[in-house]
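The values are calculated or read from the model by the stated rules, or taken from the named source; none is laboratory data. Quick caveat: nothing in here was measured; it's all calculated off a predicted structure. Neighbour counts are summed over all protein chains in view; Cβ atoms, including those assigned to glycine, are modelled from backbone coordinates with ideal geometry. In case anyone asks, the SASA skips ligands and DNA or RNA and just uses the protein heavy atoms, side chains included. Shrake-Rupley method; radii C 1.70, N 1.55, O 1.52, S 1.80 Å.
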Amino acid sequence: MSQFLEISGLNARIDADGQEKQILRGVDLSIPPGEVHVIMGPNGSGKSTLSYVLAGREDYEVTSGSVLFQGQDLLAMEPEERAAAGLFLAFQSPVELPGVNNANFLRTAVNAVRRARGQEELDAVAFLKLAREAAKTLSMAPDMLKRNVNVGFSGGEKKRNEVLQMTLLQPTFAILDETDSGLDVDALRVVAEGVNRLRAPTFSALVITHHQKLLDYLVPDRIHVMAKGRIILSGGPELARQIDQEGYTKFLSEAA
Amino acid sequence: MPAATETREAVEKLGQSTYKWGFETDIEMDLAPKGLNEEIIRLISSRKEEPEWMLEWRLAAFRTWQSMEDPKWAKVSYPPIDYQDVHYYAAPRTKPGPKSLDEVDPALLKTYEKLGIPLHEQALLAGVEPAEGERLPVAVDAVFDSVSVATTFRKTLAEAGVIFCPISEAVREHPELVRRYLGTVVPAGDNFFAALNSAVFTDGSFVYVPKGVRCPMELSTYFRINARNTGQFERTLIVVEEGASVSYLEGCTAPMRDENQLHAAVVELVAMDDASIKYSTVQNWYPGDEEGRGGIYNFVTKRGACRGARSKISWTQVETGSAITWKYPSCILQGEGSVGEFYSVAVTNNCQQADTGTKMIHLGRNTRSTIIAKTISAGRSDSTYRGLVRVQPKASGARNFTQCDSLLIGDRCGAHTVPYIECRNMAARVEHEATTSKISEDQLFYCRQRGLSEEDAVGLIVNGFCRDVLKELPMEFAVEAQKLLQISLEGSVG
Ligand SMILES: Nc1ncnc2c1ncn2[C@@H]1O[C@H](COP(=O)(O)OP(=O)(O)OP(=O)(O)O)[C@@H](O)[C@H]1O
Ligand SMILES: [Mg+2]
């Protein structure tokens with residue numbers, strides 16, 4: 001059977017002030033269905049860039065390589081098509097949308113995705129019921145739905161809001177980019193539970209993190225280490241603990 | 001392709017096809033010959049069966065107009081207008097002033113139906129009575145080219161003592177009221193277009209709310225220009241007596257035509273002690289095609305006088321149409337403690353030009369004004385906010401707050417803010433804030449990652465940007481305005 005997600009030889013660069021900057025330099029990564037994989041790696045190694053390229057951000061130019069998502073050519077799809085196909089990205093820095101009501105935004109998103117998936121749209125009442133329940137399980141204050149998207153949210157509230165969106169959009173593949181950063185211990189568990197609730201033989205996740213703590217709750221299947229735009233090492237869950245204790249230096253020099 | 005480029009290109013694709021109100025109604029018309037002279041003015045006046053004083057008033061305005069020139073100070077450009085090449089009167093060929101909807105030409109009713117305007121009060125009334133707090137019926141006056149074709153709910157309003165009728169009828173039926181107020185807020189010689197309007201105005205609405213009466217429903221007028229080469233010169237006069245209040249909305253559309261059409265309206269509002277007037281506009285005249293061919297020249301003078309103490313006049317406008325908009329709804333804050341408000345969203349796309357804003361003239365003590373102006377420019381359009389806040393020496397304790405925000409879509413459009421502040425009283429406080437922003441790639445990408453099309457994303461962000469203004473619209477029209485915003489930027493993506 002083909003992999004759920006298959007990234008081969010992915011190279012991507014960005015035009016930064018007229019200078020071509022190569023960021024991804026041959027990323028190879030496969031994720032089977034039902035598994036949770038983790039990417040760790042030093043700051044600036046290209047983790048967020050990989051998540052953006054997978055989600056379809058146009059500023060990054062893919063110069064070579066391919067990404068197959070459930071047999072489809074992911075790179076040929078528009079960002080919203082990828083979302084409809086089941087891809088979700090929890091942003092490292094969620095964006096503020098001034099004047100846009102959070103519940104309204106969520107409902108527009110959910111219905112756009114439902115429409116594309118051939119499901120019936122939710123009316124305001126049905127949606128609000130769902131959203132309120134989801135917010136409650138994530139221990140979010142009810143007024144978060146009434147506020148403007150991420151405007152004035154604390155760091156932790158923004159991350160929870162990302163998980164709320166994920167819960168409502170029901171993705172088959174979720175990328176969480178440092179969703180655990182800046183969270184207190186309780187929030188960390190809430191986020192992990194959010195992901196665990198989605199776990200199913202048809203759901204996979206790619207979790208970007210710097211900390212072992214989240215992985216205690218998540219129980220990942222595989223750990224990958226990224227450095228200088230490539231996956232330099234992969235292993236079982238014990239690899240994360242090792243990195244947590246010893247740091248990256250040893251692995252980086254071994255890989256060099 | 002970066003989203004910004006795509007957005008820009010898509011906005012440019014926006015053409016005639018997106019203007020959904022561009023159809024033409026085939027109807028027999030009574031058309032005055034082209035040109036403007038005393039003869040034509042006499043003709044209009046006699047068609048309207050006006051009293052002698054009204055004709056004299058028009059003729060005086062005409063003579064004033066002849067000595068005036070087009071204003072040149074606005075940041076808009078257009079070829080000279082040939083005022084002799086315009087029909088100044090066009091009316092559907094039915095008896096003027098139909099007594100009931102049954103007498104109205106069915107083709108006309110169909111037009112309004114297509115526009116989604118609820119003229120059929122029978123149908124509305126036949127339905128279940130709206131529950132408390134639910135959507136209330138709206139009384140509508142429909143103006144087709146030069147005449148009002150139907151005014152609904154007149155009986156219900158009359159029971160409350162409210163007069164809501166075509167102004168031509170008011171001139172005949174309520175001459176004392178019209179004479180007392182007409183031209184007292186916008187004098188006939190106020191400016192070039194106001195003088196022109198005073199000479200040739202054809203129809204529009206008259207509203208009178210007596211002392212202590214809260215008008216029991218929203219009033220609205222829909223204007224439709226249909227005939228070719230005609231100008232529309234409507235005149236609206238709203239007088240609200242002591243302690244009374246009214247909420248009034250105007251909407252407007254026109255067929256798509258290659259030539260430009262002139263629309264020069266005058267609106268006058270008068271608010272006495274503790275009276276309040278809420279005047280909302282959803283302006284959707286045909287904006288012309290993507291090359292800038294055709295479209296309405298919208299040269300409008302709107303002014304409200306807060307004559308009484310603690311009176312309040314609030315202008316809310318959503319301006320998406322017209323090739324050129326020249327419009328500054330203003331408040332003369334005379335009464336002590338009176339309040340003026342101006343909430344505006346102006347959207348320009350393709351080759352549209354808008355020079356719009358407000359004037360708040362503080363004459364009385366402790367007068368207050370608020371200005372919130374949101375400008376959205378796309379394509380090659382150009383938009384200017386022009387606002388004047390003047391505080392006269394006697395206006396101690398006057399306060400003004402102004403907030404002007406511009407949102408640019410693409411990099412070939414322009415947005416300008418021209419605030420004039422004249423403060424002649426040391427004990428007054430005037431604040432001005434302005435921002436300019438672009439829809440960021442981050443915001444667009446965030447929305448699209450959540451499954452929204454780029455178009456929906458732009459719509460959502462733009463609506464968010466305009467929220468402070470949209471929330472001032474009566475509920476019934478807020479939804480309409482939101483859709484309109486989205487449609488006028490349609491194709492802005494994808
Ligand atoms: N838009 C951009 N313009 C210029 N440089 C960029 C841009 N995006 C990413 N980079 C650069 O690419 C490199 C990889 O960035 P990326 O955000 O992917 O790192 P990361 O692994 O997610 O780091 P962190 O752990 O700090 O989040 C960095 O050197 C960054 O400065
Ligand atoms: Mg990162």
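So, in the stretch A:169-188, exactly how many residues are away from ligand 2 (no atom under 16 Å from the Cβ) and open to solvent by 20 Å² or more (accessible area, probe 1.4 Å)?
Residues flagged as away from ligand 2 (no atom under 16 Å from the Cβ) and open to solvent by 20 Å² or more (accessible area, probe 1.4 Å) within the stretch A:169-188 amount to 5.
Within the set of pairs 6+ apart or on separate chains, which have a first residue in the stretch B:201-225 that is on the phi > 0 side of the Ramachandran plot, a second that is among the aromatic types (Phe, Trp, Tyr) and modelled with pLDDT under 85, and C-beta atoms under 9 Å apart?
B:Gly204/B:Phe223
Taking A:Glu96 as the residue in question, decide whether it is open to solvent by 10 Å² or more (accessible area, probe 1.4 Å), farther than 22 Å from A:His224 by Cβ and either more than 13 Å from ligand 2 (Cβ to nearest atom) or more than 10 Å from chain B (Cβ to nearest Cβ) (or both). Full working, then the answer.
Details: open to solvent by 10 Å² or more (accessible area, probe 1.4 Å): yes; farther than 22 Å from A:His224 by Cβ: yes; either more than 13 Å from ligand 2 (Cβ to nearest atom) or more than 10 Å from chain B (Cβ to nearest Cβ) (or both): yes.
When the stated conditions are applied, A:Glu96 passes them.
Criterion first (touching a helix residue (DSSP H, G or I) at 6+ places or on another chain (Cβ under 9 Å), open to solvent by 50 Å² or more (accessible area, probe 1.4 Å), among the basic types (Lys, Arg) and within 14 Å of chain A (Cβ to nearest Cβ)) does B:Lys374 satisfy it?
Working: touching a helix residue (DSSP H, G or I) at 6+ places or on another chain (Cβ under 9 Å): yes; open to solvent by 50 Å² or more (accessible area, probe 1.4 Å): no; among the basic types (Lys, Arg): yes; within 14 Å of chain A (Cβ to nearest Cβ): yes.
Considered against the rule, which asks whether it is touching a helix residue (DSSP H, G or I) at 6+ places or on another chain (Cβ under 9 Å), open to solvent by 50 Å² or more (accessible area, probe 1.4 Å), among the basic types (Lys, Arg) and within 14 Å of chain A (Cβ to nearest Cβ), B:Lys374 comes out as no.
For the stretch B:443-475, name all the residues that are assigned to a loop (DSSP other than H, G, I, E, B), open to solvent by less than 30 Å² (accessible area, probe 1.4 Å) and facing another protein chain (nearest Cβ under 7 Å).
Correct list: B:Arg450, B:Gly451, B:Leu452.
Could you tell me which numbered condition A:Arg107 fails, if it satisfies all but one of (1) more than 9 Å from chain B (Cβ to nearest Cβ); (2) at pLDDT 95 or above; (3) open to solvent by 10 Å² or more (accessible area, probe 1.4 Å)?
(2)
Given the conditions (1) without any contact (Cβ under 8 Å) to a residue 40 or more places away in the chain; (2) of a type in the set (Lys, Arg); (3) under 30 Å from B:Lys374 (Cα atoms), report the number of the one that A:Lys158 does not fulfil.
(1)
Here are some residues: B:Ala478, B:Ala427. Which one is on the phi < 0 side of the Ramachandran plot, assigned by TED's automatic domain parsing to the domain that holds B:Ser280 and assigned to a helix (DSSP H, G or I)?
Among B:Ala478, B:Ala427, only B:Ala478 is on the phi < 0 side of the Ramachandran plot, assigned by TED's automatic domain parsing to the domain that holds B:Ser280 and assigned to a helix (DSSP H, G or I).
Tell me which residues, restricted to the stretch A:26-68, are within 14 Å of another protein chain (Cβ to nearest Cβ) and within 11 Å of ligand 2 (Cβ to nearest atom).
A:Ser48, A:Thr49, A:Ser51, A:Tyr52
For the structure I just gave you, tell me whether A:Ile223 is within 16 Å of ligand 1 (Cβ to nearest atom) and within 14 Å of chain B (Cβ to nearest Cβ).
Numbers: within 16 Å of ligand 1 (Cβ to nearest atom): yes; within 14 Å of chain B (Cβ to nearest Cβ): no.
The answer is no for A:Ile223.
Considering only residues of the stretch A:69-84 that are in contact (Cβ under 8 Å) with a residue 40 or more places away in the chain and open to solvent by 20 Å² or more (accessible area, probe 1.4 Å), which is farthest from the other protein chains (Cβ to nearest Cβ)?
A:Gly71
Has the stretch B:273-291 got at least one residue that is more than 23 Å from B:Cys165 (Cα to Cα) and at pLDDT 95 or above?
Within the stretch B:273-291, one or more residues are more than 23 Å from B:Cys165 (Cα to Cα) and at pLDDT 95 or above.
Is it the case that the stretch A:37-52 has a residue that's more than 11 Å from ligand 1 (Cβ to nearest atom) and in contact with a helix residue (DSSP H, G or I) (Cβ under 7 Å, 6 or more places away or on another chain)? If you could, list the steps in order and put the result at the bottom.
Kept after step one, since they are more than 11 Å from ligand 1 (Cβ to nearest atom), are these residues of the stretch A:37-52: A:37-38.
Filter once more, keeping what is in contact with a helix residue (DSSP H, G or I) (Cβ under 7 Å, 6 or more places away or on another chain): A:38.
Within the stretch A:37-52, one or more residues are more than 11 Å from ligand 1 (Cβ to nearest atom) and in contact with a helix residue (DSSP H, G or I) (Cβ under 7 Å, 6 or more places away or on another chain).
Restricting to the stretch B:187-238, name every residue that is under 15 Å from B:Thr64 (Cβ atoms), among the aliphatic types (A, V, I, L, M) and touching a strand residue (DSSP E or B) at 6+ places or on another chain (Cβ under 7 Å).
Residue satisfying the conditions is B:Ala194 alone.
Only strands (runs of 3 or more DSSP E) wholly contained in the stretch A:189-256 count here; list those with 2 or more residues that are open to solvent by less than 10 Å² (accessible area, probe 1.4 Å) and β-branched (Val, Ile, Thr). I'd like the intermediate steps shown before the answer.
Details: elements: A:204-208, A:222-227, A:230-235.
Those strands (runs of 3 or more DSSP E) span A:204-208, A:222-227.
To keep it simple, each residue is scored yes or no on (1) outside any loop (DSSP other than H, G, I, E, B); (2) surrounded by fewer than 24 Cβ atoms within 10 Å (Cβ to Cβ); (3) touching a Gly at 6+ places or on another chain (Cβ under 6 Å).
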site	(1), (2), (3)
B:Val282	yes, no, yes
B:Glu291	no, yes, no
B:Gly304	yes, no, no
B:Gln317	yes, no, no
B:Ser322	no, no, no
B:Gly337	no, yes, no
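Failed condition for B:Leu333, given (1) touching a Cys at 6+ places or on another chain (Cβ under 6 Å); (2) open to solvent by 20 Å² or more (accessible area, probe 1.4 Å); (3) of a type outside the set (Asp, Glu), with all others met?
Condition (2) is where B:Leu333 drops out.
Restricted to the stretch A:146-166, and to residues that are away from ligand 2 (no atom under 16 Å from the Cβ) and surrounded by 21 or more Cβ atoms within 10 Å (Cβ to Cβ), which residue is farthest from the other protein chains (Cβ to nearest Cβ)?
My answer is A:Arg160.
Quick one: count up the residues across the stretch A:226-239 that are farther than 16 Å from A:Ile7 by Cβ and away from ligand 1 (no atom under 16 Å from the Cβ).
Qualifying residue count for the region: 5.
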